[in-house]
Amino acid sequence: MAERETWATRLGFLLAAIGSAVGLGNIWRFPFITSENGGAAFLVVYLLAVLVIGLPAILAEFVIGRRANTSAIGAFRKLGRPGWWFVGAVGVIAAFWTLSYYSVIGGWVLRYIGGSVTGNALAAPEGYFGAISVGLSSIGTHAVFMLITIGIVALGIEDGIELATKVMVPAVVVMLVGLAVFAATLPGASEGYAFFLNPDFDVIVSNFGSVLPAAFGQALFSLSLGFSVMITYASYLGEDDSLPVDGFSIAVSNTAIGVLAGLVVLPLLFAQGIEAGGGGPGAVFVAIPTALAELPGGELVGQAVGIVFFGVILIAALSSAISLLEAAVAFLVDNYGFSRLPTAAGLGAVVFALGIPSAYDTAWLNWFDGIGVTLLLPLAVLLVVLFVGWVLGRDAIDELRTGSTSGSLASIWLWWLRTVVLAVVVIVVALNLWDLFATPDTGYYFIPSPLR
Ligand code: TRP
């Protein structure tokens, strides 16, 4: 029986980790960030980022989690380094920040389920997105999405969501493959493929300072790194699980789903005559309904597919939002003995308030997203890498070797963390600070871009 139990927990772990990784980051964020940063050239840097930084960093979080066998904040105490608790705290703050606008987009997804039922979202996609993504409408759907998230976390019924995740991941793949096949039949799609798959390396060379942080930030965000969530999940792993195999499976499947979303959204945008870089945060919300409206079989087919598609994305968004809020709630409940329901409600209310500017105006959403993904996140990952690379040191090698046949791979990994990963993350943080605050052409230092 022990054998089977190990399998069950292992499968549960992989599902939970993949469920956390697969979310709006793959389906909403990846396509438009790719489009804004030069298409195929960005894709190349992104894939490199997953391999060179993402995979080693996810192993670093796994090592902390399994070694400590407890959730993120307590992990540092348990590993005999209580002074490092703030690494977990920085992760919780980053999660909190991210959830504030993640919920706004989750609200749009909710709205698009309604828009598919009535057909309004399919009738005039660009106008529809413009109307529902700002102002009171967007604040309202943001509130509803936050309420659902708070409800699930407060009641502690995440089990149900775990079950939903098992259906969600295969459903996302089926929907995206179906839409990708359909997109391929549209006139103009080929330009989308050329843009997404045929790299123009001049783009990287001339936009190095923005493409590099964008790609690395996206890689970390999409793999749910830096928020201590993977630390907590890995605490459930047994001695005979191979961390490298698990990390590799998660990185590959998560990346494949992002690329698949790109293969849907970019050809669709080009088929609609929206040029490269256009669409912004609305890209997926405009591209998909336009395709739905043209599906063979008529309006009702499009509406039905729309309900299923946005329903599946809603589950993906909720499963991620729940673990983001849960991170902060668990921190307060475990460390200060707060009770669960008021903590979830109180924190949820603060997250809601923090998200109001993003809901009101997408310029604010872009600003919050920029700070979160390209600054807070690499900073949080930097701390994790420092801890595993230089504090845990040889213990980390032992832990990575446990349950795997990697042998000397573990030593190479640690060396790689200490040097390449550390250097790249520092460069990314520096480039971002520069990009965010020192804008020599405007001179308005330290002022959020929407206010300039
Ligand atoms: N990876 C998620 C996505 O792609 C977003 C995310 C980032 C996340 N960090 C997280 C989700 C931590 C859950 C927990 O949408």
Completion exercise
THR343 fails exactly one of (1) at positive phi; (2) in contact (Cβ under 8 Å) with a residue 12 or more places away in the chain, namely (1)
Handout entry: Candidates ALA164, ALA131, ALA180, filtered to the one that is more than 24 Å from ALA21 (Cα to Cα) and either of a type in the set (Gly, Ala, Ser) or in contact with a Ser or Thr (Cβ under 7 Å, 6 or more places away or on another chain) (or both)
Key = ALA131
Practice task
Return yes or no: is GLU299 more than 27 Å from ALA21 (Cβ to Cβ), without any contact (Cβ under 8 Å) to a residue 12 or more places away in the chain and surrounded by fewer than 24 Cβ atoms within 10 Å (Cβ to Cβ)?
Solution key: no
Completion exercise
Residue hits (segment 225-255; away from the ligand (no atom under 16 Å from the Cβ) and either aromatic (Phe, Trp, Tyr) or touching a His at 6+ places or on another chain (Cβ under 8 Å) (or both)) are PHE248
Problem - Residue, modelled with the highest pLDDT, within segment 178-215, restricted to residues that are touching a helix residue (DSSP H, G or I) at 6+ places or on another chain (Cβ under 7 Å) and among the β-branched types (Val, Ile, Thr) - result: VAL211
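Conditions tested, residue by residue: (1) closer than 23 Å to ARG67 by Cα; (2) of a type in the set (Ser, Thr, Tyr).
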site: ILE356; (1), (2): no, no
site: ALA359; (1), (2): no, no
site: THR362; (1), (2): no, yes
site: GLY389; (1), (2): yes, no
site: ALA396; (1), (2): yes, no
site: ARG401; (1), (2): yes, no
site: SER404; (1), (2): yes, yes
site: GLY407; (1), (2): yes, no
Handout entry: Verdict on ALA261 being part of a helix (DSSP H, G or I), within 16 Å of the ligand (Cβ to nearest atom) and under 23 Å from VAL90 (Cβ atoms)
Key = no
Problem - Any hit, segment 276-283, residues being touching a residue at least 24 places away in the same chain (Cβ under 8 Å), assigned to a helix (DSSP H, G or I) and within 16 Å of the ligand (Cβ to nearest atom) - result: yes
Exercise for the section: Tell me, please, whether a residue that is touching a Leu at 6+ places or on another chain (Cβ under 6 Å), buried (at least 21 other Cβ atoms within 10 Å of the Cβ) and in a helix (DSSP H, G or I) can be found in segment 330-337. Expected result: no
Practice task
Kindly list, by first and then second residue, each pair from a residue in segment 91-114 that is within 13 Å of the ligand (Cβ to nearest atom) to a residue that is among the acidic types (Asp, Glu), limited to pairs with Cβ atoms under 8 Å and residues at least 6 apart or on different chains.
Solution key: TYR101/ASP369
Exercise for the section: State whether the residues of segment 34-41 include one that is within 16 Å of the ligand (Cβ to nearest atom), assigned to a helix (DSSP H, G or I) and more than 22 Å from TRP390 (Cβ to Cβ). Expected result: yes
Handout entry: helices (runs of 4 or more DSSP H) wholly inside segment 373-431 containing at least 1 residues that are modelled with pLDDT under 90 and not polar (S, T, N, Q)
Key = 394-401, 409-416
Exercise for the section: Output yes when any residue across segment 216-224 is touching a residue at least 12 places away in the same chain (Cβ under 8 Å), within 16 Å of the ligand (Cβ to nearest atom), outside any helix (DSSP H, G or I) and under 30 Å from GLY355 (Cα atoms), and no when none is. Expected result: yes
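Here is a yes/no grid of residues against (1) buried (at least 16 other Cβ atoms within 10 Å of the Cβ); (2) within 16 Å of the ligand (Cβ to nearest atom); (3) assigned to a helix (DSSP H, G or I):
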| site | (1), (2), (3) |
| --- | --- |
| LEU136 | no, no, yes |
| HIS142 | yes, no, yes |
| THR149 | yes, yes, yes |
| ALA164 | yes, yes, yes |
| MET168 | yes, yes, yes |
| VAL181 | no, no, yes |
| PRO187 | no, no, no |
| PHE195 | yes, no, yes |
| LEU212 | yes, no, yes |
Fill in the blank from the handout: Within segment 321-348, of all residues that are modelled with pLDDT of 90 or more and among the small types (Gly, Ala, Ser), the one nearest to the ligand (Cβ to nearest atom) is ALA321
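The values are calculated or read from the model by the stated rules, or taken from the named source; none is laboratory data. Model, not experiment: these values are computed from the prediction. Here Cβ is always computed from backbone atoms with ideal geometry, including for glycine, and neighbour counts include all displayed protein chains.
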